[in-house]
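Peer 1: I have a structure here, written as structure tokens, and I will follow up with some questions on it.
The values are calculated or read from the model by the stated rules, or taken from the named source; none is laboratory data. Keep in mind that what you see is a predicted model, and the values were worked out from it rather than measured. Cβ: placed from backbone, ideal geometry, glycine included. Neighbour counts: every protein chain shown.
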């Protein structure tokens, strides 16, 4: 009987603690409003911001808008210099066929520091850039892509900051990271994860990425409006997936649609937004997304077409999920990965460097340059920048792959040896020496979408200028 009483008391306490935490979360979720999201977006996706192309004046206006809002609500800057900016130089192509251009740009970062586990981080991302203005002067406002995610982050940051000011701050730190250069190849998030992770990746417990959450996908078969696509929830942590599902049921209770969750989905959305740069580093992720539409990457992606009631609901779901992750006692549990036979072979640095070179094919006029970078093999079209390169992963002996690009390569090295007799005649007689010459011919087989293309190394004396 005593054990039963203990069980009942423990259950009662657990229920009350959970209810208390949910009640507190609801209080701050209520600060997220349709009106505030709309007010922000009509400015952020206005013509004044000129399509927010990376490095352009319109993008500079966008980062200033974000920074000034964070200064206004007195949320802490998240960068070492305490000016909210993480600056970088990027070499990008402004338009197809144009030469590379070096631009100065920046991520914007703010933080609500944790009360108990301040050195563990929940990182919430959205990309601040879009594609600018076309040659006819038409502005691509990018209201949904990704104005919707950008303004959602502002509301999320305000809600968490309000909680902290009232003594209800999260146990873990929550980082609000607006990344640049997404439209140029996920460059701002890549810079953060690969070159300058302001907060250690090993202490980053999750990345929640918000990209295009303001519209309704016209191709979706189910016709209920209250849905959100989730991508990545169960790829690395079943614990994260279960928490996400439970949080939804206890909060907004909308439809969680996993239509695009498969890594092999032909749309490849898993590889097409900034969460991927966290996922490739072993960090569990959720990508929140409402789907594409007829205005995707068109001048017609404007604020008047956003479903603001859904934008509010989706933002509140993200808040509740971040709140629960930030306030749970233990970190998210990562799944054990079955060992891939291809992953058991690790190329040495010497082996990686042996594949360096320029390779060309007779199939089309494109050459690739391979070189060592960060202890891995890098692949880029000849003349491309480091920002355009693919960092390849091991895929077996002499084999590499990029899941993001959906390509794999295999190197084959043919070694031929020729022997020549050299006869020297002198007063002492004839001396015969054998000279051996070894020649290596390197071939690279590129596999993309099941099609194999053979490339051969361009030798020094035949390289094209």
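Peer 1: Could you please find all residues in the stretch 150-197 being in a strand (DSSP E or B), out of contact with any helix residue (DSSP H, G or I) (no Cβ under 6 Å at 6 or more places or on another chain) and surrounded by 23 or more Cβ atoms within 10 Å (Cβ to Cβ)?
Peer 2: Residues of the stretch 150-197 that are in a strand (DSSP E or B), as a first pass: 172-179.
Now restrict to residues that are out of contact with any helix residue (DSSP H, G or I) (no Cβ under 6 Å at 6 or more places or on another chain): 173, 175, 177.
Within the stretch 150-197, 173, 177 qualify.
Peer 1: Based on this model, can you work out whether residue 245 counts as in contact with a strand residue (DSSP E or B) (Cβ under 9 Å, 6 or more places away or on another chain), closer than 13 Å to residue 318 by Cα and surrounded by fewer than 16 Cβ atoms within 10 Å (Cβ to Cβ)? Outline the logic, then answer.
Peer 2: Working: in contact with a strand residue (DSSP E or B) (Cβ under 9 Å, 6 or more places away or on another chain): yes; closer than 13 Å to residue 318 by Cα: yes; surrounded by fewer than 16 Cβ atoms within 10 Å (Cβ to Cβ): yes.
In short, yes.
Peer 1: Might you check whether a residue that is within 26 Å of residue 269 (Cβ to Cβ) and without any contact (Cβ under 8 Å) to a residue 24 or more places away in the chain occurs anywhere in the stretch 340-348? So that I can check it myself, show each step before the final result.
Peer 2: We begin by selecting, within the stretch 340-348, every residue within 26 Å of residue 269 (Cβ to Cβ); these are 340, 342-343.
If we keep only those that are without any contact (Cβ under 8 Å) to a residue 24 or more places away in the chain too, we end up with 340.
Yes, because at least one residue in the stretch 340-348 is within 26 Å of residue 269 (Cβ to Cβ) and without any contact (Cβ under 8 Å) to a residue 24 or more places away in the chain.
Peer 1: Can you tell me which residues in the stretch 128-149 are more than 22 Å from residue 109 (Cα to Cα) and surrounded by fewer than 24 Cβ atoms within 10 Å (Cβ to Cβ)?
Peer 2: First, pick out the residues of the stretch 128-149 that are more than 22 Å from residue 109 (Cα to Cα): 132-141.
132, 133, 134, 135, 136, 137, 138, 139, listed by residue number.
Peer 1: List the strands (runs of 3 or more DSSP E) inside the stretch 64-127, counting only whole elements, that have at least 1 residues being over 19 Å from the mean Cα position of the chain (by Cα), under 25 Å from residue 275 (Cβ atoms) and at pLDDT 95 or above. Walk me through how you get there before you give the answer.
Peer 2: Working: elements: 85-93, 100-112, 117-127.
In the stretch 64-127, the matching strands (runs of 3 or more DSSP E) lie at 100-112, 117-127.
Peer 1: A further question on this structure: When residue 202 is evaluated against the numbered criteria (1) assigned to a loop (DSSP other than H, G, I, E, B); (2) surrounded by fewer than 18 Cβ atoms within 10 Å (Cβ to Cβ), which criterion, by number, is the only one it fails?
Peer 2: So residue 202 meets the others, but not (1).
Peer 1: Still on this structure, please answer the following. Right, residue 240: over 24 Å from residue 183 (Cα atoms), at pLDDT 95 or above and touching a strand residue (DSSP E or B) at 6+ places or on another chain (Cβ under 7 Å) or not? Break it down stepwise before answering.
Peer 2: Values: over 24 Å from residue 183 (Cα atoms): yes; at pLDDT 95 or above: yes; touching a strand residue (DSSP E or B) at 6+ places or on another chain (Cβ under 7 Å): yes.
Taking the combined requirement at face value, the residue satisfies it.
Peer 1: Mind telling me which of the residues 371, 408 ends up being touching a residue at least 24 places away in the same chain (Cβ under 8 Å), within 29 Å of the chain's Cα centre (by Cα) and either assigned by TED's automatic domain parsing to the domain that holds residue 457 or not in a loop (DSSP other than H, G, I, E, B) (or both)?
Peer 2: Working: 371 fails: touching a residue at least 24 places away in the same chain (Cβ under 8 Å).
None of the other options fit; the residue is 408.
Peer 1: Would you be able to tell me the number of residues in the stretch 62-112 that are under 19 Å from residue 162 (Cα atoms) and touching a helix residue (DSSP H, G or I) at 6+ places or on another chain (Cβ under 8 Å)? It would help to see each step written out before you state the result.
Peer 2: So the first thing to find is which residues in the stretch 62-112 are under 19 Å from residue 162 (Cα atoms), and the list is 66-78, 84, 109-112.
Going one step further and asking which of them are touching a helix residue (DSSP H, G or I) at 6+ places or on another chain (Cβ under 8 Å), we end up with 66, 69-70, 73-75, 77, 84, 110, 112.
Number satisfying all stated conditions: 10.
Peer 1: So, one more: Looking for something touching a residue at least 12 places away in the same chain (Cβ under 8 Å), closer than 21 Å to residue 53 by Cβ and touching a strand residue (DSSP E or B) at 6+ places or on another chain (Cβ under 9 Å) - is there at least one such residue anywhere in the stretch 161-176?
Peer 2: Among the residues of the stretch 161-176, not one is touching a residue at least 12 places away in the same chain (Cβ under 8 Å), closer than 21 Å to residue 53 by Cβ and touching a strand residue (DSSP E or B) at 6+ places or on another chain (Cβ under 9 Å), which makes the answer no.
Peer 1: May I pose another question? Of the residues 387, 356, 362, only one is in contact with a helix residue (DSSP H, G or I) (Cβ under 7 Å, 6 or more places away or on another chain) and either touching a residue at least 12 places away in the same chain (Cβ under 8 Å) or not assigned by TED's automatic domain parsing to the domain that holds residue 206 (or both); which?
Peer 2: Working: 356 fails: in contact with a helix residue (DSSP H, G or I) (Cβ under 7 Å, 6 or more places away or on another chain); 362 fails: in contact with a helix residue (DSSP H, G or I) (Cβ under 7 Å, 6 or more places away or on another chain).
From the options 387, 356, 362, the qualifying one is 387.
Peer 1: Looking for whichever is assigned by TED's automatic domain parsing to the domain that holds residue 355 and at pLDDT 85 or above here; the options are 420, 447. Which one fits?
Peer 2: Values: 420 fails: at pLDDT 85 or above.
The conditions single out 447.
Peer 1: Condition first: modelled with pLDDT of 95 or more and surrounded by 23 or more Cβ atoms within 10 Å (Cβ to Cβ). Can you find one or more residues in the stretch 255-262 that meet it?
Peer 2: Restricting attention to the stretch 255-262, the residues satisfying the condition of being modelled with pLDDT of 95 or more are 255-262.
Narrowing the set further to residues that are surrounded by 23 or more Cβ atoms within 10 Å (Cβ to Cβ) leaves none.
Taking every residue of the stretch 255-262 in turn, none turns out to be modelled with pLDDT of 95 or more and surrounded by 23 or more Cβ atoms within 10 Å (Cβ to Cβ).
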